[in-house]
Amino acid sequence: MRIINHICDMQRWSEAQRVAGKKIAFVPTMGYLHEGHLSLVLKGKKQGDVVVVSIFVNPMQFNQQSDFDKYPRKDEQDRRMLEEVGTDVLFYPTAPEIYPEGFQTAVEVSKVADPLCGAFRPEHFRGVATVVAKLFNIVKPHVAVFGQKDFQQCVVIQQMVKDLNFDLEILPMPTIRESDGLAMSSRNARLSPAERHTSLSIARALNHAQEMVTEGERRAEIILKTVQEILTREGGVRVEYASLCHPETLEEVTQLSGPTLLAIAAWVGEVRLIDNRVLQ
Ligand code: PAF
């Protein structure tokens, strides 16, 4: 696996691949990799002739400096894992490489970035869209693979790609879960064993909501009331939001009439977790 730190070297490598007729698949990450990330890399390998993974903990998408500082990092292990799954290039820039002095441009997606996480983390998706737009221009992929645990992020990126005419395909991939149902996330490493146990109420609430829909419930208010009840029953979970919305527009629904996204953000101790399920 080749490690590239500089933008000009990455662009040169990608251009050479394109000239040679190779299809480039790209998986952007913030490191602290787990099985979920690796499944995206494996998908990228199937989709492209070469696969590039970036590791960059993007300061622009964190609302609080403390959250950025606490973001877990394990560079050596990440490199080994990427090598083992056959990554061709790890793009691993520094913050001044991505945001040099004098940097003053941002990409802002409206509407789909406003509800859910956008309502609680102002500027977050501005940071995500900006860095992803930059990474697309640096890595020049034909296809980029994103995990659907960050469902709203996928929708925001798809909107940006459409609106700004990026010439690439976005491939959203299903959430990878632990055997007990907890969605894989780099943040899980910060949960104590007791908090990890408490966190399972999120997957439980998502599954129960699906059961309610399967049994015929269509009223959003009733489903959300039960979801809140399951999340808070045992204590230890502070719900930030639980919302039922259209999976493309992310507009809230009051009555389910087709596939509907149930999105949850909740704090367990000091850790903010998100998860979702498209109710069928
Ligand atoms: O999902 C992530 O890890 C990040 O938001 C991303 C897409 C790498 C942008 O920093």
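Some notes on this structure:
- Condition met for Glu240 (at negative phi, touching a residue at least 24 places away in the same chain (Cβ under 8 Å), not polar (S, T, N, Q) and not in a loop (DSSP other than H, G, I, E, B)): yes
- Here Ile138, Ile55 are screened, and the one residue that is among the hydrophobic types (A, V, I, L, M, F, W, C), within 12 Å of the ligand (Cβ to nearest atom) and either within 23 Å of Asn5 (Cβ to Cβ) or over 18 Å from the mean Cα position of the chain (by Cα) (or both) is Ile55.
- Top-ranked residue of region 6-15 - restricted to ones that are buried (at least 18 other Cβ atoms within 10 Å of the Cβ) and away from the ligand (no atom under 16 Å from the Cβ), ranked as farthest from Lys149 (Cα to Cα): Trp13
- Residue ID - nearest to Met160 (Cα to Cα), chosen from residues in region 213-249 that are of a type in the set (Asp, Glu) and within 26 Å of the chain's Cα centre (by Cα): Glu248
- Selection from region 124-143 of residues that are closer than 21 Å to Asp88 by Cβ and not β-branched (Val, Ile, Thr): Lys134, Leu135, Phe136, Asn137, Lys140, Pro141, His142
- Qualifying positions in region 197-216 - surrounded by 13 or more Cβ atoms within 10 Å (Cβ to Cβ) and without any contact (Cβ under 8 Å) to a residue 24 or more places away in the chain: His197, Leu200, His208, Met212
- Filtered residues of region 106-135 (kept if small (Gly, Ala, Ser) and near the ligand (Cβ under 10 Å from one of its atoms)): Gly127, Ala129
- Screening Ile138 with (1) modelled with pLDDT under 95; (2) crowded, with 21+ Cβ neighbours inside 10 Å gives one miss only, at (1).
- Residue, farthest from Ala133 (Cα to Cα), within region 160-199, restricted to residues that are aliphatic (A, V, I, L, M) and assigned to a helix (DSSP H, G or I): Ala194
- Condition met for Ala203 (at pLDDT 95 or above, away from the ligand (no atom under 16 Å from the Cβ) and aliphatic (A, V, I, L, M)): yes
- Hey, Ala119 in contact with a strand residue (DSSP E or B) (Cβ under 8 Å, 6 or more places away or on another chain) and among the small types (Gly, Ala, Ser) or not: yes
- The sole residue among Ile223, Ile202, Ile264, Ile274 that is closer than 28 Å to Ser66 by Cβ and either in a helix (DSSP H, G or I) or charged (D, E, K, R) (or both) is Ile202.
The values are calculated or read from the model by the stated rules, or taken from the named source; none is laboratory data. Not measured: the values here are computed from a predicted model. In this analysis, Cβ positions are derived from the backbone assuming ideal geometry, glycine residues included, and neighbour counts consider all displayed protein chains.
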